[in-house]
Amino acid sequence: MGIQTSIRRAQSCAVDAVEAVREFHQAVVQENIALVVFFCFGTYDLESVAAEMRRLFDGVQVVGCTTAGEIGPQGYRERSLSGVSFSASEFHAVSGCIDRLQQFTSSTGYSTVQTLLQALEARAPHADASNSFAFMLIDGMSAREELVTHTLQRALGDIALVGGSTGNNLKFRNTHVYFQGQFYLDSSVLVLVNTRLPFKLFKTQHFVATEERMVVTEADPARRLVMEINGLPAAQEYARMLGIDANDLTSACFAANPVVVVINGANYVRSIQKANPDGSLTFFCAIESGLVLRTAKGIDIEENLKQAFARVRSQIGPPQLVLGFDCIWRRLEMSHQQKDCINEVLVDNHVIGFNTYGEQYHGVHVTQTFVGIAIGANEHGSTDA
């Protein structure tokens with residue numbers, strides 16, 4: 001099928017969960033669907049969402065998750081349900097769920113990937129890294145993204161993996177993935193997709209490292225806690241470097257002032273989730289003692305995103321779809337004027353996705369980035385940034 005039917009995008013802002021699913025289904029339903037992906041705000045009645053999804057998409061492969069905000073044909077929204085359907089005329093897809101992430105082991109990850117690779121090969125015998133990609137949705141409160149992402153990417157080999165950590169507004173609790181008709185906690189969904197259409201996986205961030213350094217002198221990586229920076233209480237020292245009082249640390253402050261770690265010459269943002277009463281800081285990523293962090297300086301977020309999409313278009317042409325995973329801290333940082341302008345960029349590039357508690361890119365769990373899979377319209381190869 002052509003551009004109008006192989007990928008169908010939709011978003012419902014209906015308050016009622018059942019009505020939202022019905023509006024979504026009406027907009028994306030097509031013959032011979034290979035895959036449906038949806039993102040919904042956590043305030044919906046999830047049992048109602050699941051029941052109506054099962055009824056309307058009976059026999060169809062559907063995956064999804066809860067969010068900290070949705071991205072759809074109307075741009076950024078909250079309390080909505082957005083998503084996309086893919087036609088089997090252009091796509092082959094297989095999916096699996098890994099539950100009990102607190103007990104996740106490397107063998108579990110490798111077993112899941114091997115099962116899915118075999119299933120994809122059965123549907124698309126010529127599937128390889130040049131015509132296939134993978135994406136994951138993972139419980140954003142599991143604190144297992146680092147291990148799971150690294151393991152799955154190693155098992156996938158040259159097939160590139162991206163994804164997003166599920167959200168629940170700014171509550172930071174009870175985030176869900178959806179698989180085979182049910183919502184699950186402490187779980188991850190992995191999807192492998194093969195297509196003859198061109199695609200590009202990409203990542204962009206609008207922060208660059210400064211020369212100002214700080215050393216993590218006490219941390220609990222398993223809980224993503226940093227107790228001391230430069231030998232002092234973490235919140236106090238972080239606030240001092242910003243020139244403010246520790247009592248004035250807020251979500252907006254953390255969004256505008258992340259820190260950066262340099263790995264193999266590349267900058268990776270490490271966002272702070274919250275300051276705790278004991279003076280420690282909770283991060284969105286695991287932080288180890290002895291790690292050297294740098295303060296970060298923001299550049300124009302709108303221009304940075306425009307440049308990222310310009311690079312995408314230069315390689316695959318105008319995208320039919322960008323499946324996007326965008327950190328909630330990025331949206332919180334934007335002014336109203338910036339958000340309006342960025343909405344135009346998202347709409348123009350056909351972005352469907354959600355605001356995350358973290359992003360995955362290849363084998364690395366990252367934060368405060370926009371990670372995407374852009375799918376073009378013509379059959380002229382694929383690229384991977």
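Just so it is clear, none of the values below were taken in a lab; they were calculated from the coordinates. Note that the structure is a prediction, hence the values are computed from the model and not measured. Glycine gets a Cβ as well: all are built from the backbone with ideal geometry, and neighbour counts include every protein chain shown.
If Lys and Arg each add +1 and Asp and Glu each add -1, what is the summed charge of the other residues whose beta carbon sits under 12 Å from the beta carbon of CYS341?
-4
On a 0 to 90 degree scale, rounded to 10, what angle separates helix 301-316 from the longest Cα axis of the chain?
Once rounded, the angle reads 40 degrees.
Which ³J(HN,Hα) values, rounded to whole Hz and listed in residue order, are derived for region 356-366 from phi using the Karplus coefficients 6.51, -1.76 and 1.60 in 6.51 cos²θ - 1.76 cosθ + 1.60 with θ = phi - 60°, glycine and proline given as x?
Calculated HN-Hα couplings, in order: 10, 9, x, 10, 10, 9, 6, x, 10, 8, 10 Hz.
Take the alpha-carbon centre of region 261-326, take the same for region 38-81, and report the distance between them in whole Å.
26 Å
Ranked by Cβ crowding within 10 angstrom, fewest neighbours first, how are HIS350, HIS362, HIS176 ordered?
In increasing order of surrounding Cβ atoms, one gets HIS362, HIS350, HIS176.
Using just the helices of the chain, give the 222 nm mean residue ellipticity in deg cm²/dmol: DSSP H runs with n ≥ 4 each add -39,500 (n - 2.57), and the total is spread over all residues, rounded to 500.
Value at 222 nm, helices only: -8500 deg cm²/dmol.
Once you have a ≥ b ≥ c as the square roots of the Cα gyration tensor eigenvalues for the chain, tell me rounded if a/c is under 1.5, and otherwise prolate or oblate according to whether a/b is larger than b/c.
Note, shape of the chain comes out prolate.
For region 5-58, run through the GluC sites (Glu not before Pro) and keep only the ones in DSSP coil with at most 15 other Cβ atoms within 10 Å of their Cβ.
When the GluC sites (Glu not before Pro) of region 5-58 are filtered for loop state and at most 15 Cβ neighbours within 10 Å, GLU31 remain.
How much net charge surrounds GLY83 when only the other residues with a Cβ under 14 Å from the Cβ of GLY83 are counted, with Lys and Arg +1 and Asp and Glu -1?
Around GLY83, the surrounding residues sum to +1.
When the Karplus curve 6.51 cos²θ - 1.76 cosθ + 1.60 is applied with θ = phi - 60°, which whole-Hz ³J(HN,Hα) does each residue of region 46-60 get, with x for Gly and Pro?
Coupling constants for region 46-60: 5, 5, 5, 4, 4, 5, 6, 4, 4, 5, 7, 10, 4, x, 9 Hz.
Under 15 Å from the Cβ of SER188, count the other residues' Cβ atoms, weight Lys and Arg +1, Asp and Glu -1, and hand me the total.
Cβ neighbours under 15 Å give a net charge of -4.
For a quick check: with amide H placed at 1.01 Å from N, whose amide H comes under 5 Å from ALA34's, ignoring anything fewer than 5 positions away on the same chain?
The answer is PHE86, SER87, ALA88.
Answer with one residue from TYR238, GLN337, VAL113: the one whose Cα lies farthest towards the positive end of the charge dipole of the chain, charges on Cβ with Lys, Arg +1 and Asp, Glu -1.
VAL113
Rounded to the nearest 5, what % of DSSP beta bridges with both residues in region 1-140 are antiparallel?
Bridges in region 1-140 are about 75 percent antiparallel.
Would you please give the residues with an amide H less than 5 Å from that of ARG224, counting only those at least 5 places away or on a separate chain, with H modeled from the backbone geometry?
The list, which skips near neighbours in sequence, is ILE287.
What residues have an amide H closer than 5 Å to that of GLU78, excluding those fewer than 5 places away on the same chain, when H is modeled at 1.01 Å from N in the peptide plane?
Here GLU70 satisfy the definition.
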